[in-house]
Amino acid sequence: GQQVMQIPQYQHVQEGEDFTTYCNSSTTLSNIQWYKQRPGGHPVFLIQLVKSGEVKKQKRLTFQFGEAKKNSSLHITATQTTDVGTYFCAGPGSGAGSYQLTFGKGTKLSVIP
Amino acid sequence: KAGVTQTPRYLIKTRGQQVTLSCSPISGHRSVSWYQQTPGQGLQFLFEYFSETQRNKGNFPGRFSGRQFSNSRSEMNVSTLELGDSALYLCASSLVDSGSPLHFGNGTRLTVT
């Protein structure tokens, strides 16, 4: 079945440093989504990328979808303590599995003030 | 607009018992998905329902079941509980289309002793 892999699993950064998490799918995706889960909270949708090579920005966050639509990245510039949490990428299956969103295991970000 | 509501928030059950969890989606959302979240396995897809029909099912034993009612509310049931079923169970709702962003509830924390 479809697999979505994320690296790194953990990342500790000093406040002000940049952070990047990478996501790879075993299959071509129709779209990829990113979610953030704060400690003790639930995943919250951040963004959806649909087009090959698409790049979207949300303030200090930059999301990129690969040309082959099998990989994606999230880059945070100048991290802040409010960025702490686990970042997940997720992609839908294809065909009969298209209503199933498969999540990567996430990258847990810690920011040291 | 009210978010996704899950009840109860916390449950403690004994091995061998059964449990029913409830989820009320965002008004207008007709798709409901369930996920199991554990520290080791991350977010694992359980099943997805739309218009009272299960469209996708994850790789979980038959002890895990669910249903959706005509008002889009959903329940999931776990029978013959095992210690390994201890997890955060998250419900998420979305619009019709496959790959639509998910809106998660706060989850039900199930502890099996």
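The values are calculated or read from the model by the stated rules, or taken from the named source; none is laboratory data. Small disclaimer: the values here were computed from a predicted structure and weren't measured. Cβ placement follows ideal geometry from the backbone for every residue including glycine, while neighbour counts extend to all protein chains displayed.
Some points to look at:
- The residue that is surrounded by the most Cβ atoms within 10 Å (Cβ to Cβ), among those in the stretch B:53-68 that are facing chain A (nearest Cβ under 9 Å) and assigned to a strand (DSSP E or B), is B:56.
- Which numbered condition residue B:21 fails, given (1) at pLDDT 95 or above; (2) touching an Asp or Glu at 6+ places or on another chain (Cβ under 7 Å); (3) surrounded by fewer than 20 Cβ atoms within 10 Å (Cβ to Cβ): (3)
- Residue within the stretch B:45-66 that is touching an Asp or Glu at 6+ places or on another chain (Cβ under 9 Å), within 19 Å of residue A:102 (Cβ to Cβ) and charged (D, E, K, R) present: yes
- Within the stretch B:31-48, the set of residues being more than 9 Å from every other protein chain (Cβ to nearest Cβ) and in contact (Cβ under 8 Å) with a residue 12 or more places away in the chain comprises B:32, B:34, B:36, B:38, B:46.
- The number of residues in the stretch B:69-89 that are assigned to a loop (DSSP other than H, G, I, E, B) and either of a type in the set (Phe, Trp, Tyr) or out of contact with any strand residue (DSSP E or B) (no Cβ under 6 Å at 6 or more places or on another chain) (or both) comes to 7.
- Among residues of the stretch B:77-109, those that are over 18 Å from residue B:39 (Cα atoms), more than 9 Å from chain A (Cβ to nearest Cβ) and in contact (Cβ under 8 Å) with a residue 60 or more places away in the chain, counted: 7
- The stretch B:53-66, residues that are modelled with pLDDT of 95 or more and either within 14 Å of the chain's Cα centre (by Cα) or hydrophobic (A, V, I, L, M, F, W, C) (or both): B:60, B:63, B:64, B:65, B:66
- Cβ-Cβ distances below 6 Å connect the following pairs, each with a first residue in the stretch A:29-42 that is under 24 Å from residue B:108 (Cβ atoms), a second residue that is buried (at least 19 other Cβ atoms within 10 Å of the Cβ) and among the polar types (S, T, N, Q), and a separation of six or more residues or different chains: A:37/A:86.
- In a residue-by-residue description of the stretch B:66-81, the property of being within 17 Å of residue A:90 (Cα to Cα), in contact with a Leu (Cβ under 8 Å, 6 or more places away or on another chain) and hydrophobic (A, V, I, L, M, F, W, C) applies to no position.
- For the stretch B:5-52, the set of residues classified as under 21 Å from residue B:83 (Cα atoms), more than 14 Å from the chain's Cα centre (by Cα) and not in a strand (DSSP E or B) consists of B:14, B:15, B:16, B:17, B:18, B:39, B:40, B:41, listed by residue number.
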